[in-house]
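J.: Questions regarding the structure given below will be posed in turn.
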Amino acid sequence: MKEWYLVGKIVNTHGIRGEVRVISHTDFPEERYATGSHLYVGKNRTSEKLEVVVESHRRHKNFDLLKFEGFNNINDVERFKGQSLYVSEDQLSELGENEFYYHEIIGCEVFDEKGERLGTISEILSPGANDVWVVKRKGKKDLLLPYIADVVKSVDPATKRVDVELMPGLVDDED
C-alpha cells in the first residue's frame with residue numbers, strides 16, 4: 001500500500017478563478033508547489049485521492065495560494081475545502097546531511113545533555129531563519145527548541161531520538 005505524506009490543508013477558496021487557500025505543512029513549499037508539480041487531494045491519508053497539477057503558486061498573508069490545471073473557477077474547487085494535499089512516498093527526494101522531513105522529526109523523544117527525557121516533538125514551526133521544534137512536556141508548558149547546531153546535538157529518525165543541549169533561558173524552571 002502506498003504511503004502518503006501531508007503537505008498542506010485546503011482551508012478555503014480564494015477569489016473566483018479557482019485558487020485555493022492552503023495552510024502549508026511541508027518543509028519544501030517551493031518544490032511541492034512548483035508549476036507542474038503533482039499533488040493529491042483527499043480527506044485523509046487512507047481516503048481516495050484526486051491527482052491535481054499545480055498551475056500557479058503564490059504567497060498571500062500566511063497562506064499559500066494554489067491554482068490547479070483544469071480548475072478555472074470557484075465552483076470547480078469549492079469541494080476541496082477542508083481536504084488535504086498529499087504527496088506519495090515516491091515523490092520524496094533525498095535530503096542532505098542534517099536535513100529531515102517533518103514526518104521524521106514529529107514523534108521523536110527529546111533528551112537533554114544529562115540524558116533526561118524532556119518530552120516528544122509534536123509539531124514544527126517555521127517562523128523565520130530556522131525551524132522551531134515544539135516539545136510536549138508532561139505537566140509543563142511546551143518547550144520551543146530552535147533547530148540550530150548550538151541546541152540540537154544529534155537526531156536519529158530511526159530510533160526517534162533527539163539529543164539537545166539546553167542553552168540558558170530556553171527552559172523556564174518555573175513551568
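What follows is calculated from the coordinates using simple rules that are stated; it is not laboratory data. The structure displayed is predicted, hence computed values, not measured ones. We place every Cβ from the backbone using ideal geometry, glycine too, and count neighbours over all the protein chains shown.
J.: Can you tell me, using C-alpha contacts under 8 Å and at least 6 residues apart, the relative contact order of the chain as a whole percent?
T.: 18 percent
J.: Amide H to amide H under 5 Å from Glu123: which residues, 5+ apart in sequence or cross-chain, H placed 1.01 Å off N in plane?
T.: Amide H neighbours of Glu123: Val134.
J.: Now a separate question. So how strong a dipole does region 4-90 carry about its Cα centre when Lys and Arg Cβ are +1 and Asp and Glu Cβ are -1, to the nearest 20 debye?
T.: It comes to approximately 460 debye.
J.: Sticking with this one: Relative contact order for region 102-164: what is it in percent, counting Cα pairs under 8 Å that are at least 6 residues apart?
T.: 32 percent
J.: Against the globular-protein guess of 2.2 N^0.38 Å, express the Cα radius of gyration of the chain as a ratio, rounded to two decimals.
T.: In units of the 2.2 N^0.38 Å rule of thumb, it is 1.18.
J.: Grab the eigenvalues of the alpha-carbon gyration tensor for region 4-90, scale each by 5, take roots, and send me the semi-axes largest first in whole angstrom.
T.: 17, 14, 12
J.: On to the next question. Starting with the fewest neighbours, write out His38, His103, His57 ranked by other beta-carbon atoms found within 10 Å of each beta-carbon.
T.: Sorted ascending by nearby Cβ count, the order is His38, His103, His57.
J.: So, one more: Take Ile106, Ile10 and order them by how many other Cβ atoms sit within 10 Å, fewest up front.
T.: Exposure proxy ranking, most exposed first: Ile106, Ile10.
J.: If you don't mind, another one. In what order do Ile74, Ile121 fall by count of nearby beta-carbon atoms within 10 Å, going from fewest to most?
T.: Fewest-to-most Cβ neighbours within 10 Å comes out as Ile74, Ile121.
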